[in-house]
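What follows is a short report on a single structure.
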Amino acid sequence: MKKKKLIALRIILGLTGLYIIASGLNIAVGGMPTLGWGGQTNFFKVTDMQPYLIQDSHIRFVAGVWLGLGLFFVLTTTNIYKYRAQLLFACVLIFIGGLSRLFEMHPEITFGKYIIGSFLAEVVGMPVLFTWIYKTVK
């Protein structure tokens, strides 16, 4: 039974990593307008290029960190035991990131149809994944 749980866990970690990689690339390469892999790209107009480019650079950096986290998730599939502690920490980081969405103070956005899936993956899915890893990988 434990072997099946580990195989299922590796599959979930790999798929999660691939999704994170794709969403990270979308913004790391496309910047604030993105490459359009997650939807439309014409949602704002730049009125002051210098501050925009500064914010765009910061967004690309954060997306690169997100991309790296996705690569790490994929790497963990090679040896979950070796990366257990770091993987648990990564789940906590994503959970904190999900909670950070609440600071937007626009519940109609955070809990709206375009964000709710990500939000639930972050604040519900990550604790579930954390618990699964914690109990299965010893």
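The values are calculated or read from the model by the stated rules, or taken from the named source; none is laboratory data. This is a predicted model, so every value here is computed, not measured. Here Cβ is always computed from backbone atoms with ideal geometry, including for glycine, and neighbour counts include all displayed protein chains. Accessible surface areas use protein heavy atoms only, side chains included; no ligands, DNA or RNA. Shrake-Rupley method; radii C 1.70, N 1.55, O 1.52, S 1.80 Å.
With the simple model of a label 7 Å out from the Cα in the direction of the Cβ, W132 to V62 spans 2.7 nm. When the helices of the chain are scored as -39500 (n - 2.57) per DSSP H run of n ≥ 4 and the total is divided over every residue, the value at 222 nm lands at -22500 deg cm²/dmol. The residues of the chain expose, per residue, 65 Å² of accessible area to a 1.4 Å probe. The charge dipole of the chain, taken about its Cα centre with unit charges on the Cβ atoms of Lys, Arg (+1), Asp and Glu (-1) only, comes to about 1060 debye. The charge dipole of the stretch 1-67, taken about its Cα centre with unit charges on the Cβ atoms of Lys, Arg (+1), Asp and Glu (-1) only, comes to about 760 debye. Between the Cα long axis of helix 84-100 and the first principal axis of the chain there is an angle of about 40°, rounded to the nearest 10.
With 10 Å bins beginning at zero, the pair-distance distribution over Cα atoms of the stretch 85-132 amounts to 29, 50, 19, 2 %. Run the Debye formula on the Cα coordinates of the stretch 33-99, all scatterers equal and no solvent, and tell me log10 I(q)/I(0) at q = 0.26, 0.27 1/Å. With no solvent term, the Cα-only Debye profile gives -1.16, -1.19.
Site pair D48 and E104 shows an inter-label distance of 2.3 nm when each label is modelled 7 Å from Cα along Cα→Cβ.
Ranking T47, L25, P107 by Cα position along the charge dipole of the chain, where only Lys, Arg, Asp and Glu carry charges on their C-beta atoms, puts L25 farthest toward the positive end. Could you state the number of Å between the C-alpha centres of the stretch 1-37 and the stretch 42-109? Between the Cα centres of the stretch 42-109 and the stretch 1-37 lies a distance of 12 Å. For the chain, the carbon plus sulfur part of the accessible surface works out to 70%, probe radius 1.4 Å.
Using R0 = 30 Å, the C-beta based FRET efficiency linking L120 and L35 works out to 0.80.
Accessible surface comparison of Y81, Y114, probe 1.4 Å, protein chains only, largest first: the order is Y114, Y81.
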